[in-house]
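Working notes, beginning with the structure itself.
The values are calculated or read from the model by the stated rules, or taken from the named source; none is laboratory data. These numbers come from a predicted model, not from an experiment. We place every Cβ from the backbone using ideal geometry, glycine too, and count neighbours over all the protein chains shown.
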Amino acid sequence: MSVLQAKSFTQKYDGLTNMLITDCFVCESFNPEIEKKPHPEFVHYTGLWDTGATGTVITKRVVEQIGLIPTGVINTYHANGECLVNTYLINIRLPNGVALHTLKVTEGKLNGFDVLIGMDVIMRGDFSISNKDSKTTFTFQIPSTHDFDFVDEFNDEVKRMHTPVVKDEKIQRNDPCFCGSGKKYKNCHGR
């Protein structure tokens, strides 16, 4: 599997959500860098992102609508046990042009969705969820360029807040206070 183009998208929800849902577009596997024919048409589906799923899953409906041909059979494990399922190669386009081609997926039964986006896609990039102000924001970028570490960020902020600002010149009344409070000197230690 290779990346067609490095891109990112952000999905904002009006409140808190317990499901990460995005639009996604699927077509038969096609490598535009190699194949010299028209690109197959993408078909729109709703995708559910699942960090508990090892791989991406599509429904029988997707297989039939696009006319996918099985590339093999694999044993899969799921909530109801295990079973043999067909595998397929697809191209998938996510919001804002984030795209992957030659993605190996399995066929499965999904409730309310036609595509389940698993860790095989998520691990290719940077995946982040925040719930600030009781609103979920989900963002994804491929390829990976960030190393998120909330502990380091917190420790850096604490260190910054407790490190006095040292100035060689006299502190003016409207300068930020040397203690790092964020207040003006006149409203903090300059009283």
Report summary line: For the stretch 113-126, pairs from a residue that is assigned by TED's automatic domain parsing to the domain that holds Met19 to a residue that is assigned to a loop (DSSP other than H, G, I, E, B) and among the charged types (D, E, K, R), with Cβ under 9 Å and 6 or more apart or across chains, are Leu116/Asp50; Ile117/Asp50; Gly118/Asp50; Met119/Asp50; Ile122/Asp50; Asp126/Asp147
Query - Test for Val158: is it outside any helix (DSSP H, G or I) and exposed (fewer than 13 other Cβ atoms within 10 Å of the Cβ) - result: no
Query raised in the report: Can you name every residue in the stretch 161-185 that is modelled with pLDDT under 85, surrounded by 10 or more Cβ atoms within 10 Å (Cβ to Cβ) and basic (Lys, Arg)?
Result: Lys167
Query raised in the report: Restricting attention to the stretch 60-75, does a residue exist that is of a type in the set (Asp, Glu), surrounded by fewer than 14 Cβ atoms within 10 Å (Cβ to Cβ), under 14 Å from Phe25 (Cβ atoms) and more than 22 Å from the chain's Cα centre (by Cα)?
Result: no
Query raised in the report: How many residues does the stretch 38-53 contain that are in contact with a Gly (Cβ under 6 Å, 6 or more places away or on another chain) and among the polar types (S, T, N, Q)?
Result: 0
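Results for (1) among the aliphatic types (A, V, I, L, M); (2) in contact with a helix residue (DSSP H, G or I) (Cβ under 8 Å, 6 or more places away or on another chain), shown as yes or no for each residue.
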position	(1), (2)
Met123	yes, no
Asp126	no, no
Lys132	no, no
Thr139	no, no
Arg173	no, yes
Pro176	no, yes
Tyr185	no, no
His189	no, no
Query raised in the report: Is there a residue in the stretch 62-82 that is touching a Phe, Trp or Tyr at 6+ places or on another chain (Cβ under 9 Å), within 22 Å of Phe140 (Cβ to Cβ) and not hydroxyl-bearing (Ser, Thr, Tyr)?
Result: yes
Requested in this report: Only residues that are touching a Leu at 6+ places or on another chain (Cβ under 6 Å) and part of a loop (DSSP other than H, G, I, E, B): list them for the stretch 88-120, please.
Outcome: Leu110, Phe113
Query raised in the report: Among the listed residues Val43, Val26, which satisfies the condition of being within 22 Å of Lys104 (Cβ to Cβ), free of Cβ contacts under 8 Å to residues at least 40 places away in the same chain and in contact with a helix residue (DSSP H, G or I) (Cβ under 9 Å, 6 or more places away or on another chain)?
Result: Val43
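Per-residue answers, yes or no, for (1) in a loop (DSSP other than H, G, I, E, B); (2) more than 18 Å from Asp114 (Cα to Cα); (3) at pLDDT below 95; (4) outside the structural domain of Ser130 (by TED's automatic domain parsing):
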residue	(1), (2), (3), (4)
Asp14	yes, yes, yes, no
Lys37	yes, yes, yes, no
Thr51	yes, no, yes, no
Thr54	yes, no, yes, no
Glu64	no, no, no, no
Ile74	no, yes, yes, no
Tyr77	no, yes, yes, no
Glu82	no, yes, yes, no
Asn86	no, no, yes, no
